[in-house]
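Report on the structure given below.
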Amino acid sequence: MEKLSFVDEHAIDLAVSREQAWRALTHVLATGFAMSMPAPAGWVLGLSPRRAHGDWTRATLAGNTLPGFAVSDARAPERLTLRGHHRFSTYALAFELDSRGGEACTLRARTSAAFPGQTGRVYRSLVIGSGAHRILVRRLLRTIAARA
């Protein structure tokens, strides 16, 4: 397995329990996130996995996929790690839910990736360097918070 380097981490405080936040996280991933990558773009990038698969309401998420991501670790309601790759990058997106006591938690999204070769460096500058990744991850966290 390719060594991935830290890219960034974003967090949002939620006024709900970790269990409620987990349900919102899995719902948003299954409904909004899964539909966000148009099929032609996935083909051009060479996403692996290419399609969404699985039941995101199950207790275990092993085997579930989204376009460009597969569940590699899931410990409800604490941690969900998605891994994937395409022509320009191999990456992981880890969500962690930290309880702040009672009906409050913090949701973190940590990205790690490898960008091999010249095309990987160009892709990194387009996606990470431009700020697009930061904007998309923060939007995802706000969407999960609104759902929670």
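Here is how the numbers come out for the structure above:
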item: Relative contact order %, the range 35-114, counting alpha carbon pairs below 8 Å whose residues are six or more apart; result: 20 percent
item: Using θ = phi - 60° and Karplus 6.51 cos²θ - 1.76 cosθ + 1.60, couplings along the range 4-16 (whole Hz; Gly, Pro as x); result: 9, 9, 4, 10, 6, 9, 10, 9, 9, 8, 10, 9, 9
item: Potential extension, Arg75-Gln118 segment - 0.36 nm per residue separation minus Cα distance; result: 11.9 nm
item: Under Karplus coefficients 6.51, -1.76 and 1.60, residue-wise ³J(HN,Hα) of the range 90-95 in Hz, glycine/proline x; result: 10, 8, 9, 10, 10, 9
item: Long-range HN-HN contacts of Arg51 with modeled amide H, under 5 Å; result: Gly68
item: Estimated distance in nm for a label pair at Arg100 and Ala15, the labels positioned 7 Å out from Cα along Cα-to-Cβ; result: 1.1 nm
item: Charge tally in the Cβ shell below 9 Å around Arg79, where Lys, Arg are +1 and Asp, Glu are -1, Arg79 excluded; result: -2
item: Cβ-defined net charge surrounding Val7, 9 Å radius [Lys, Arg +1; Asp, Glu -1]; result: 0
item: Net charge over other residues, Cβ less than 9 angstrom from the Cβ of Asp98 (K, R count +1; D, E count -1); result: +1
item: Rounded to the nearest 20 debye, dipole of the range 5-147 from Cβ charges on Lys, Arg, Asp, Glu; result: 380 debye
item: Cα gyration tensor shape of the range 37-86, rounded if a/c is under 1.5, else prolate or oblate by comparing a/b with b/c; result: prolate
item: Cα-only radius of gyration and Dmax that characterise the range 5-147, units Å; result: 14.9, 48
item: Peptide ranges 130-137, 109-116 listed from the most packed, as the mean C-beta count within 10 angstrom indicates; result: 109-116, 130-137
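Read the figures in this text as sums done on the coordinates, not as results from a lab. This is a predicted model, so every value here is computed, not measured. In this analysis, Cβ positions are derived from the backbone assuming ideal geometry, glycine residues included, and neighbour counts consider all displayed protein chains.
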